[in-house]
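For reference, the structure is listed below as structure tokens.
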Amino acid sequence: MSEISLEMIRHSAAHIMAAAVKQLYPDAKFDIGPATENGFYYDFDMEHRLVTEDLKAIEKLMKKMIGRKVPFERFELSREEAEKMLREAGQPYKLERLADVPEGSVISFYKSGDFVDLCRGPHLEHAGMIGAVKLTGIAGSYFKGDEKNPMLQRIYGTAFATEAELQEYLKRMEEAAKRDHRKLGQELELFTFSDNVGPGLVLWQPKGAYIRNLIETYWRSEHYKNGYQLLYTPHIGQSILWETSGHLNFYRDGMYAPMEIDEKDYYAKPMNCPFHIEIYRSKLRSYRELPCRWAELGTVYRYEKSGSLHGLLRVRGFTQDDAHIICTPEQIEDEIAEVLRFSLGIWKDFGFKEIKAYLATRPAKAVGDPARWEKALVSLEKAVKKCGLECEVDQGGGAFYGPKIDLKIKDAIGREWQTTTIQFDFNLPERFNMTYVGEDGQRHQPFMVHRALFGSLERFFGILIEQYAGAFPMWLAPEQARILPITENQLDYAKEKLAELRSKGFRVELDSRAASLGAKIKDARNARIPYLLVVGAEEAANGTFAVRSRREGELGAMNSEDLAKKWQDEVDKKL
């Protein structure tokens, strides 16, 4: 099926679901029911509190309507007629949605069974064309996404042209549920949240903190290798900084309330860029000093509505792997190509092979010289082609302050994640009057590019947990191996080898409990440890381990020297 027809299937399925809900719960008041990337949903306000068991009855009725091929009938009304009909039907949310329809627009409705919906469409000819449906969950949702409005009940579902496609999707979702980073993060003791600390504020546990430190160390090392200089900036800044940047005008709702210091307002930073610009402006720069490639692991704070928070993927305090490239117009093409090359190398090291670029071009309302926009777009296009990346153009999808490239990666089960962003900015250099002295002795405005590889460490860590299903590769595993003595008689030998392997720089633990070997192996496997080193009487006598690799299976007897060489090779190759 094409993307358009799949959207029609799902939009039509949302209407059929609403028709089934109306039949089962006549008092229901309706809001909206759009198609989404993976399915559809519909929001309801009704006295009955939905539970999972209710979905079976709703889905059963939907399938009957699909079997009867209930038609979708479109009709139009004047605004007055539409208001009268919705008021008489007791549908206040639909009345508010009608008020949002611009004057002069066509006001259309679709009827399916006894259900009539204010809707632009399009829809299928009849419900029998929907194919296969499945209701997948229930959640709460504020009307129009505003916490001040009533909380509605949302039913999620999905629909496909065939039962085979539906089953394939459900299988992927089952696998995704097993990989859910929120579940694995708790099981593996990687991170946690606390009501006393506050929603969306991550507490990193020792194992998670160890992995984060490994990622940060790798990140810093790779940035130094690639010609970047690292910066550190404060967590707060005076209001004048955010007034100059425009954040207080355009982004105030996403910023936390100010704190007063020395009779001046200070704000927790939502972004790092103004600080990097102030470092640039600390002296007059020459073209000979450019490009400046400045990077920072800078922690920022943004207010996200509680309903949008989602584990590590959407939080309120997070560390951006931020970088800014400040250069001359002549340097920009090479700089963008270098950023892409750098990004692709990073993703390869973390095991991501399928990467696609999305190029967002100039919108109708934009700031900056059009000639600069054109040069920036050409530079982005050339860089993408040079790297041999598949690219999709988002016409007019750039921010008002500059075009951008987004890279999306596919994980181990085929899901696409937004990651690297390379964003031109013609706004902040003007606002902060950034200049450099050119070869002609005159002052010029530099090009400025915002660049994030991971986006944030928190979100990236969540993606990694799901990519690896919690089974981190050898170079990232917080515990690389565990020694499992069969009896207490091997404990002294195990302790000796533990010290030896640790001295070689490996992260090894010893399970010295008086538990059975089977129990020890089970616990170690649940902890997703790359190597289990079993020690019995024979191994202690021969100075070896019976080695079990999570990746390769049983490896037989190995001594610590050979094992250390093998491990180091895996770490170096990031296996």
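Some notes on this structure:
- Rounded to the nearest whole Hz, the Karplus-based 3J(HN,Hα) values (6.51 cos²θ - 1.76 cosθ + 1.60, θ = phi - 60°) of segment 463-475 follow the sequence 4, 4, 4, 6, 4, 8, 6, x, 8, 5, x, 3, 6, with x at glycine and proline.
- Among (1) -0.65, -0.98; (2) -0.61, -0.84; (3) -0.75, -1.07, the entry derived from the coordinates for log10 I(q)/I(0) by the Debye sum over Cα atoms at q = 0.08, 0.10 Å⁻¹: (3)
- The aspartates and glutamates within cross-link reach of residue 495, meaning a Cα-to-Cα straight distance under 17 Å and a gap of 8 or more places when in the same chain, are 479, 509, 511, 538, 539, 561.
- Using distinct alpha-carbon pairs, which all enter the 1/r mean, Kirkwood radius of segment 3-173 in Å: 16.3 Å
- Computed helical MRE - 222 nm, the chain, DSSP H runs ≥ 4 contributing -39500 (n - 2.57), nearest 500: -11500 deg cm²/dmol
- Filtered GluC sites (Glu not before Pro), segment 382-448: DSSP coil and at most 11 other beta carbons within 10 Å: 439
- Listed peptides 501-513, 465-477 by packing density, highest first (mean Cβ within 10 Å): 465-477, 501-513
- Cβ-Cβ distance of residue 572 and residue 253, R₀ of 56 Å, FRET efficiency by 1/(1 + (r/R0)^6): the value works out to about 0.75.
- Sparsely packed loop sites in segment 185-287 (the GluC sites (Glu not before Pro) outside DSSP H, G, I, E and B with at most 10 other Cβ atoms within 10 Å) comprise 263.
- 3J(HN,Hα) along segment 329-335, derived from phi through the Karplus expression 6.51 cos²θ - 1.76 cosθ + 1.60 where θ = phi - 60°, amounts to x, 5, 8, 4, 4, 5, 5 Hz, with x in place of Gly and Pro.
- In percent, rounded to a whole number, the relative contact order of segment 1-132 is 32, using alpha-carbon pairs under 8 Å and six or more apart.
- Of all lysines in the structure, those lying under 29 Å Cα to Cα from residue 84, and not within fewer than 8 positions of it along the same chain, are 22, 29, 94, 111, 144, 148.
- Segment 56-135 - convex hull of alpha carbons, volume per residue in Å³: 108 Å³
- Computed from the alpha carbon positions, the gyration tensor of segment 9-78 leads to an equivalent ellipsoid with semi-axes of 19, 15, 14 Å, biggest first.
- Normalising the average separation of contacting C-alpha pairs (under 8 angstrom, six or more residues apart) by the number of residues puts the relative contact order of segment 284-346 at 39 percent.
- A simple rule links phi to the HN-Hα coupling: the Karplus curve 6.51 cos²θ - 1.76 cosθ + 1.60 with θ = phi - 60°, which for segment 66-76 gives 5, x, 7, 6, 4, x, 9, 10, 9, 8, 10 Hz, with x for Gly and Pro.
- Ordering of 282-289, 264-271, 350-357, 487-494 by packing [mean C-beta count within 10 Å, highest first]: 264-271, 350-357, 487-494, 282-289
- The coefficient of translational diffusion for segment 481-573, derived via Stokes-Einstein from the alpha carbon Kirkwood radius under 20 °C and 1.002 mPa s, stands at 163 µm²/s.
- Within segment 197-261, chymotrypsin sites (Phe, Trp or Tyr not before Pro) in DSSP loop having at most 12 other beta-carbon neighbours inside 10 Å: 232
- The residue among 108, 229, 38 whose Cα reaches farthest toward the positive pole of the charge dipole of the chain, with charges on the beta-carbon of Lys, Arg, Asp and Glu, is 38.
- When only alpha carbons are used to place a centre, segment 59-99 and segment 536-558 end up 69 Å from one another.
Every read-out reported here was derived from the displayed coordinates using simple, explicitly stated rules and does not represent laboratory data. Owing to the predicted nature of the structure, the values given are computational and were not obtained by experimental measurement. Heads up, the Cβs are rebuilt from the backbone with ideal geometry, glycines too, and the neighbour counts pull from every protein chain shown.
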